[in-house]
Amino acid sequence: MIGCSRCDRRAVIFQRHSNRHLCKRHFIEDFERRIKLAVRKFKMIEKNDRIAIALSGGKDSVTLTYTLAKLYEKRRDLELFAITIDEGISNYRPPTVEIARKVAEQLGIEHVVVSFEENFGMTLDEMVKRGDKKPCTYCGVFRKYLLNRTAREMGATKLATGHNLDDETQTILLNFLNADMERMARLVPQRVQEGLIMRIKPFRYIYEKEVVVYGLLHNLPMDFEECPYSYFPVRASVRDFLYEFENKYPGRKFSVMNSFEKLIPCLREMYPQIDLNRCERCGEPTPKKVCQACKLLEELG
Ligand code: SF4
């Protein structure tokens, strides 16, 4: 038996970045401490917040919903609710929508399911057949649109997503490799823009593997199915590179995140937030005259 580095109990995880074995209790303590650290550092949760959680039913969002409910259940001034977007991906989305329903019900959290079909007249599967864009283009634009609109209409002050340290460092590195500093600036926390609900990512200091271990230790439903449309060759190369690098030199994902955070003041100065217009068709916020969702809908007829 391998013992915990902090007590006599059996270890459930080896944290390569800290070079420690941790038992269930100390791992959970450490996991939750890093969430609170991120929340405090970027003022993700403030007094009287009403927080919408993007709950897809996948492992990250399920664990996020559980953790936020657990950590903030005593805060009477806070409200949590969950939004699930049903894109209409046959065989893939229905089981996770079911998981989302059960998790929200068990935690006693208000939950809404919003579908592409009801709002845009067609499922993602149908969009893919009709249009000539990649599935993820339709999915990304329409999902963000519905999440933001629903969160705003339901009175949310923040929108929490389950992006973890692995997701964030991949995006940071991708933006560097593409020399896309404008996109990089969009990763800066606490961006306030009228009509856009502020995004918060409480798992930004948590490895993906840790999300899985935490979920399993709490018997949370863990869905590992991959979307049939998932095709990100460049991101996959960056993910594999980061994985190898982290394996050889543990803690490097934290280094990437730290480097990014040191650049935040420069990014804020280089890309100050612009005032958004209202889309002349649907009224949603957009930097242009017509928002991306309305443009794509027009293309799809
Ligand atoms: Fe949507 Fe699937 Fe693409 Fe993810 S991989 S953005 S769920 S189509």
Q.
Residues that are on the phi < 0 side of the Ramachandran plot and surrounded by 22 or more Cβ atoms within 10 Å (Cβ to Cβ): list the strands (runs of 3 or more DSSP E) wholly contained in segment 1-69 that include at least 3 such residues.
A. 50-54
Q: Those residues that are free of Cβ contacts under 8 Å to residues at least 40 places away in the same chain and within 14 Å of residue 86 (Cα to Cα), I need them from segment 125-148; list them, please.
A: 125, 126, 140, 144
Q: Test residue 123 against the criterion of being open to solvent by less than 20 Å² (accessible area, probe 1.4 Å), among the hydroxyl-bearing types (Ser, Thr, Tyr) and over 28 Å from residue 241 (Cβ atoms), and give yes or no.
A: no
Q | Subset of segment 224-247 [within 16 Å of the ligand (Cβ to nearest atom) and surrounded by fewer than 16 Cβ atoms within 10 Å (Cβ to Cβ)] | A | 224, 225, 226, 228, 230, 231, 232, 233, 234, 235, 236
**Q.** Tabulated pairs, segment 177-200, first under 10 Å from residue 273 (Cβ atoms), second open to solvent by less than 80 Å² (accessible area, probe 1.4 Å) and among the hydroxyl-bearing types (Ser, Thr, Tyr), C-beta under 7 angstrom, 6+ apart or interchain
**A.** 185/271
Q) Among 114, 128, which is within 30 Å of residue 48 (Cα to Cα) and β-branched (Val, Ile, Thr)? A) 114
Q. Take the residues of segment 74-90 that are within 23 Å of residue 106 (Cβ to Cβ) and within 16 Å of the ligand (Cβ to nearest atom): which is farthest from the chain's Cα centre (by Cα)?
A. 86
**Q.** Residues being over 20 Å from the mean Cα position of the chain (by Cα) and either open to solvent by 70 Å² or more (accessible area, probe 1.4 Å) or at positive phi (or both) - total across segment 248-258
**A.** 4
Q) Applying the selection to segment 2-21, what residues are within 20 Å of residue 252 (Cα to Cα) and of a type outside the set (Val, Ile, Thr)? A) 14, 15, 16, 17, 18, 19, 20, 21
Q) Just a yes or no: is a residue in segment 86-98 within 27 Å of residue 298 (Cα to Cα), open to solvent by 30 Å² or more (accessible area, probe 1.4 Å) and either in contact with a strand residue (DSSP E or B) (Cβ under 7 Å, 6 or more places away or on another chain) or among the hydrophobic types (A, V, I, L, M, F, W, C) (or both)? A) yes
Q.
Take residue 108 and tell me if it is over 29 Å from residue 238 (Cα atoms), away from the ligand (no atom under 16 Å from the Cβ) and touching an Asp or Glu at 6+ places or on another chain (Cβ under 9 Å).
A. no
Q. Which residues, taken from segment 212-223, are in contact with a strand residue (DSSP E or B) (Cβ under 9 Å, 6 or more places away or on another chain) and surrounded by 16 or more Cβ atoms within 10 Å (Cβ to Cβ)?
A. 213
Q: Please work out which residue is surrounded by the most Cβ atoms within 10 Å (Cβ to Cβ), limiting yourself to segment 149-170 and to residues that are under 22 Å from residue 65 (Cβ atoms) and within 16 Å of the ligand (Cβ to nearest atom).
A: 164
Q. When you go through (1) open to solvent by less than 80 Å² (accessible area, probe 1.4 Å); (2) modelled with pLDDT under 95; (3) closer than 30 Å to residue 98 by Cα one by one for residue 271, which number turns out not to apply?
A. (3)
Q.
Need pairs with beta-carbon distance below 9 Å; first residue closer than 15 Å to residue 165 by Cα and within segment 224-251, second within 16 Å of the ligand (Cβ to nearest atom) and among the β-branched types (Val, Ile, Thr); sequence gap 6+ or separate chains.
A. 235/171; 238/171
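The values are calculated or read from the model by the stated rules, or taken from the named source; none is laboratory data. In this text, all values refer to a predicted model and were calculated from it rather than measured experimentally. Quick reminder, even Gly has a Cβ in these numbers, built from the backbone with ideal geometry, and neighbours come from all protein chains shown. When the accessible area is computed, the model is the full protein with side chains, heavy atoms only, and any ligands, DNA or RNA have been set aside. Shrake-Rupley method; radii C 1.70, N 1.55, O 1.52, S 1.80 Å.
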